[in-house]
1. Which residue, of 98, 159, 120, is β-branched (Val, Ile, Thr), within 22 Å of residue 207 (Cα to Cα) and free of Cβ contacts under 8 Å to residues at least 60 places away in the same chain?
2. Among the helices (runs of 4 or more DSSP H) lying completely within the stretch 199-283, list those that include at least 2 residues that are at pLDDT 85 or above.
3. Only residues that are buried (at least 17 other Cβ atoms within 10 Å of the Cβ), more than 18 Å from the chain's Cα centre (by Cα) and part of a helix (DSSP H, G or I): list them for the stretch 104-154, please.
4. Among the residues of the stretch 45-64, are any free of Cβ contacts under 8 Å to residues at least 24 places away in the same chain, surrounded by 21 or more Cβ atoms within 10 Å (Cβ to Cβ) and touching a Gly at 6+ places or on another chain (Cβ under 9 Å)?
5. Could you pull out the residue among 57, 27 that is more than 21 Å from residue 214 (Cα to Cα), in contact with a helix residue (DSSP H, G or I) (Cβ under 6 Å, 6 or more places away or on another chain), outside any loop (DSSP other than H, G, I, E, B) and of a type outside the set (Gly, Ala, Ser)?
6. For residue 241, work out the one condition from (1) in contact with a helix residue (DSSP H, G or I) (Cβ under 9 Å, 6 or more places away or on another chain); (2) under 24 Å from residue 180 (Cα atoms) it doesn't fulfil.
7. How many residues does the stretch 203-217 hold that are touching a strand residue (DSSP E or B) at 6+ places or on another chain (Cβ under 6 Å) and either surrounded by fewer than 23 Cβ atoms within 10 Å (Cβ to Cβ) or of a type in the set (Lys, Arg) (or both)?
Amino acid sequence: MKPAQLTQSISDALTTLRKSERKVADFVLKDPLAVIRMRIVDLAQYAEVSEPTVVRFCRAVGCNGFQDFKLALAQQLASSPSYGQIAVTGADSTREYTHKVFDSTVDTLLKVRDSLVLETLDAAVAAIYAAQRVEFYGFGASAAVAFDAQHKFFRLQITSAAYADPHLQNMSATSLNPGDVVIAISQSGRSQALLDSMELVKQVGGIVIGLSPTGSPVSQSASISIQVDAKEDNQIYIPLSSRIAHLAVIDVLAIGVAQKKGPKLDEHLMRLKAGLSSLRSPE
């Protein structure tokens, strides 16, 4: 089985699953490694459903039963580098740590893709498209994502700004109008300054789209929560995969908004390209 094939099937089936079956799907996507060690009674208990519901879920995603499902899931995890030992060590050669970084990044992107809830993405795109102003808040490594996002949405003719200073975030948050959108980006999901700014946005009637780990304070506080789970060892190097995953989600939102804007946006982008031509050296 190819990496992410089963979890992709689960993600694709979310909209057609029954409510009880979706509870099983959510638990599996959140902690697949734990699931392969469980009995059917354990998974039913943790997902708060009946054992027959677990069996129906397994069949709904293309497996013959729970044991077949666990086997398929175990095969996927075995072929997925994020479930092996990919920590960079001082003994690694250039080839080894290069492959580890790329394997980890690719696998993180696949995991995040498979866990995204399409209805949540649709809601986020609709909110951004309807907003008069869109702002991006982030600190540290997330600040780089915020500024990159601002540049992308500026090109889409959306009034936008990015702030990495808590004072500027708070001042701007209180100046927003109802329906304006703030996209709060956090790799940890626990930044108190970011949470304070989010609260101010909601107080003035703004919409907060959170990009953060599942169950984190930022995720729970957001009006629309896009859960990005990318665990990394911060003691070895600055988080790389999680930042790239956030950038990919921003790209997804930008594409969704661009689709809604239609052909007129293409004309605008062509004018932008022509306007920048004088700044580039001839080929």
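The values are calculated or read from the model by the stated rules, or taken from the named source; none is laboratory data. Here the structure is a predicted model, which means the values were calculated and not measured. A quick note on method: Cβ atoms are made from the backbone with ideal geometry, for glycine too, and the neighbour counts reach across all protein chains shown.
1. On inspection, the qualifying residue turns out to be 159.
2. 217-221, 241-261
3. Scanning the stretch 104-154 gives a single hit, 129.
4. So far as the stretch 45-64 goes, yes, one or more of its residues are free of Cβ contacts under 8 Å to residues at least 24 places away in the same chain, surrounded by 21 or more Cβ atoms within 10 Å (Cβ to Cβ) and touching a Gly at 6+ places or on another chain (Cβ under 9 Å).
5. 57
6. (2)
7. Adding up the residues that qualify gives 1.
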